[in-house]
Amino acid sequence: MYGLHFQKQQTPEIFAPYSLCPDRVIGHWDLTRIVVSGLIHVDDWHLYHNMISFLWKGYNLEYKMGSLRFLLTVGCLLVLCHVLVVIVAVVLATGFQMPGPLYQCSVGFSGVLFALKVLLNHNSPTFSSVYGFRVPTKYAAWLELVVIHFLVPRSSFMGHMCGILAGYIYVYSSAMQSILSSGAGALSRWIGAIVGPINNRDNTTSPRPSRTPTSSFETDEDLARRLQEEEYRANRPPQSHPEQSVPEHISSSELRRRRLARFGNGY
């Protein structure tokens, strides 16, 4: 659950062209690092930890937002988090004479995970246990930020902190939420306009009416109705023939008269 960071001169060659280095982003306008660095992981365990954390957060948030809006939200948080990393590094270097963060390079998806944690828990009234410490769930991300920094000294403290800040910016920015919601709606209509004609063409070229959802549903409904009727007839008590039933309130003379009237026409 952490994004490793390292000094630029110690960066492994395989990560050098893709890692998030604020000085490279500012000095050479290498903007692709803002996105690509979030998709690179140091090793298998780094990837496993991040994906397990992302699975739980993504499952809950995608259910609330919908798939398209969740996809756009993750992309927006990825860019926002890494842009904040660059801004904070520049501010520390120019305003506080702390050039170290400007030359630190990082890779990993952890900043986005911290942002998603804020989105998921920012208004939660419950309490959570973070490494044995019981805190309000809405503040759990801050405690996790500090604990991970001490447990994993090489983790990117600034990247994680900027992820939390990105999450709060999203939560309290109704304009950003509205833009992402509108973008998800437009993307959904665009996909529908592309996929719709393809589905219609497939149905026209190879129609299979016997397997359509409507016909299948009607067949199942008819089958269920028939089974219910058969079960009702099977459980219904047998009725005797009308000729064999003699109601008690009919007298013998009345019964004899009715029989003569019924069968007398045949002779």
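Taking the conditions exactly as written (touching a residue at least 12 places away in the same chain (Cβ under 8 Å), assigned to a helix (DSSP H, G or I) and closer than 15 Å to GLN177 by Cα), does PHE54 satisfy them or not? So PHE54 fails the test.
I need the full set of residues from region 84-107 which are within 10 Å of LEU20 (Cβ to Cβ) and out of contact with any Phe, Trp or Tyr (no Cβ under 7 Å at 6 or more places or on another chain), in order please. Listed by number, the residues that qualify are VAL85, VAL86, ALA89, GLN104, SER106. When residues in region 94-109 are screened for being touching a residue at least 12 places away in the same chain (Cβ under 8 Å) and either part of a helix (DSSP H, G or I) or β-branched (Val, Ile, Thr) (or both), 4 of them pass.
Against the condition in a helix (DSSP H, G or I), touching a helix residue (DSSP H, G or I) at 6+ places or on another chain (Cβ under 9 Å), crowded, with 20+ Cβ neighbours inside 10 Å and modelled with pLDDT under 95, how does GLY159 come out, does it pass?
Values: in a helix (DSSP H, G or I): yes; touching a helix residue (DSSP H, G or I) at 6+ places or on another chain (Cβ under 9 Å): yes; crowded, with 20+ Cβ neighbours inside 10 Å: yes; modelled with pLDDT under 95: yes.
So GLY159 passes the test.
Selection of region 37-55 for residues being touching a helix residue (DSSP H, G or I) at 6+ places or on another chain (Cβ under 9 Å) and over 18 Å from HIS160 (Cα atoms) yields an empty set.
Apart from one condition, VAL86 fits all of (1) β-branched (Val, Ile, Thr); (2) over 25 Å from the mean Cα position of the chain (by Cα); (3) crowded, with 17+ Cβ neighbours inside 10 Å; (4) more than 20 Å from GLY38 (Cα to Cα); the exception is (4). Just so you know, in region 25-41 the residues that are surrounded by fewer than 19 Cβ atoms within 10 Å (Cβ to Cβ) and in contact (Cβ under 8 Å) with a residue 24 or more places away in the chain include one that is nearest to LEU92 (Cα to Cα), and it is ILE26.
If you go through region 58-71 and pick out every residue that is surrounded by fewer than 18 Cβ atoms within 10 Å (Cβ to Cβ) and over 8 Å from the mean Cα position of the chain (by Cα), you end up with 1. Scanning region 166-187 for any residue that is of a type in the set (A, V, I, L, M, F, W, C), modelled with pLDDT under 85, in a helix (DSSP H, G or I) and surrounded by 10 or more Cβ atoms within 10 Å (Cβ to Cβ) turns up nothing. Within region 42-57, restricting attention to residues that are of a type in the set (A, V, I, L, M) and under 21 Å from GLU13 (Cβ atoms), the residue that is surrounded by the most Cβ atoms within 10 Å (Cβ to Cβ) is VAL42. Checking PRO101 against (1) modelled with pLDDT of 95 or more; (2) more than 19 Å from ALA140 (Cα to Cα); (3) not aliphatic (A, V, I, L, M): exactly one of these is not met. Which one? Condition (1) is where PRO101 drops out. Select from region 17-48 the residues that are of a type in the set (A, V, I, L, M) and closer than 18 Å to PRO101 by Cβ and write down the one among them that is nearest to the chain's Cα centre (by Cα). If we take residues in region 17-48 being of a type in the set (A, V, I, L, M) and closer than 18 Å to PRO101 by Cβ, then ILE34 is nearest to the chain's Cα centre (by Cα).
If you go through region 66-84 and pick out every residue that is part of a helix (DSSP H, G or I) and either touching a strand residue (DSSP E or B) at 6+ places or on another chain (Cβ under 8 Å) or more than 15 Å from LEU31 (Cβ to Cβ) (or both), you end up with 11.
The values are calculated or read from the model by the stated rules, or taken from the named source; none is laboratory data. Since the model is a prediction, treat every value here as computed from it, not as a measurement. Here the Cβ is made from the backbone with ideal geometry for all residues, glycine too, and neighbour counts use every protein chain on show.
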